[in-house]
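Q: Questions regarding the structure given below will be posed in turn.
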Amino acid sequence: MAGEIDDAIERADREAFTRQPPKTLKGQIGYLIRQLGSAKAVAQEIGVTADSVNRYRRGARKHARPDVAAKIDDAVRQRWQPQVRKRRQKQAATTRGITVGTRARFGYTAPVGTTDDGRFRRLTVHLPPHYAQRLFDARNTGASDQQMRQIIAEGLKETYFQDNGNRAPGLSDVTLNDIDYLDLNY
């Protein structure tokens with residue numbers, strides 16, 4: 001199951017498309033057959049029979065069940081413009097960085113005499129490229145949503161809370177909890 005961070009990365013990838021994916025059922029099925037090689041492979045991917053896939057391809061069926069249509073759309077979007085996705089992710093990981101927009105509860109460990117009570121904050125912070133690289137590497141290796149949250153929390157700690165070393169030197173262990181929304185842009 002995809003987590004919040006994984007979904008945010010997927011949304012950011014979709015924003016990078018230079019052309020829109022096919023919208024018609026026949027066009028989507030045709031694209032998937034070209035990508036996967038056969039109607040049988042597409043059928044296994046979306047959970048229907050190969051005969052149904054062939055009916056969609058020929059246009060004998062104009063509409064799929066809503067659950068199947070959602071699977072088809074997801075399968076197309078996952079495979080659409082992989083070079084554009086790779087290029088944008090490489091740029092984010094090497095030169096541009098990644099912008100995180102979120103409203104979440106932040107908690108942290110702070111020195112004695114300061115407050116460490118977690119509270120909701122709305123932040124939009126640009127993180128350096130090495131955090132984008134760590135986030136993409138974690139996603140590609142199958143890291144959990146909690147592990148990816150921790151990478152973002154570390155980036156926010158360094159960039160926002162500590163102002164790149166100019167503030168709050170004793171602050172440690174920032175956590176990102178109760179995410180109301182999270183959006184990534186790169």
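Q: Ordering 158, 45 by accessible area with a probe of 1.4 Å, largest first, what comes out?
A: The residues order as 45, 158, largest area first.
Q: Suppose accessible area is computed on protein heavy atoms with a 1.4 Å probe; arrange 86, 71, 23 from highest to lowest.
A: 23, 86, 71
Q: Sticking with this one: Please compute the per residue accessible area over the chain with all protein chains in place, 1.4 Å probe, rounded to a whole number of Å².
A: With all protein chains present, the chain gives 56 Å² per residue.
Q: For the chain, what % of the accessible area comes from carbon and sulfur atoms, probe 1.4 Å?
A: 47 percent
Q: Run the numbers for residue 144 and residue 58: contour at 0.36 nm per residue of separation, minus the present Cα-Cα distance, in nm.
A: Roughly 26.9 nm would be gained on extension.
Q: Once ligands and nucleic acids are excluded and a 1.4 Å probe is used, how much of residue 136 is accessible, expressed in Å² to the nearest 10?
A: 10 Å²
Q: With a 1.4 Å probe and all protein chains kept in place, how do 63, 126 rank by accessible area, largest first?
A: 63, 126
Q: Identify, among 126, 44, 104, the residue whose Cα sits farthest towards the positive end of the charge dipole of region 1-134, taking +1 on the Cβ of Lys and Arg and -1 on the Cβ of Asp and Glu, with the dipole about the Cα centre.
A: Of 126, 44, 104, it is 44.
The values are calculated or read from the model by the stated rules, or taken from the named source; none is laboratory data. All values reported here derive from a predicted model rather than from experimental measurement. Glycine also receives a Cβ, built like all others from the backbone with ideal geometry; neighbour counts cover every protein chain displayed. Accessible surface is based on the protein model in full, side chains and every heavy atom, while ligands, DNA and RNA are left aside. Shrake-Rupley method; radii C 1.70, N 1.55, O 1.52, S 1.80 Å.
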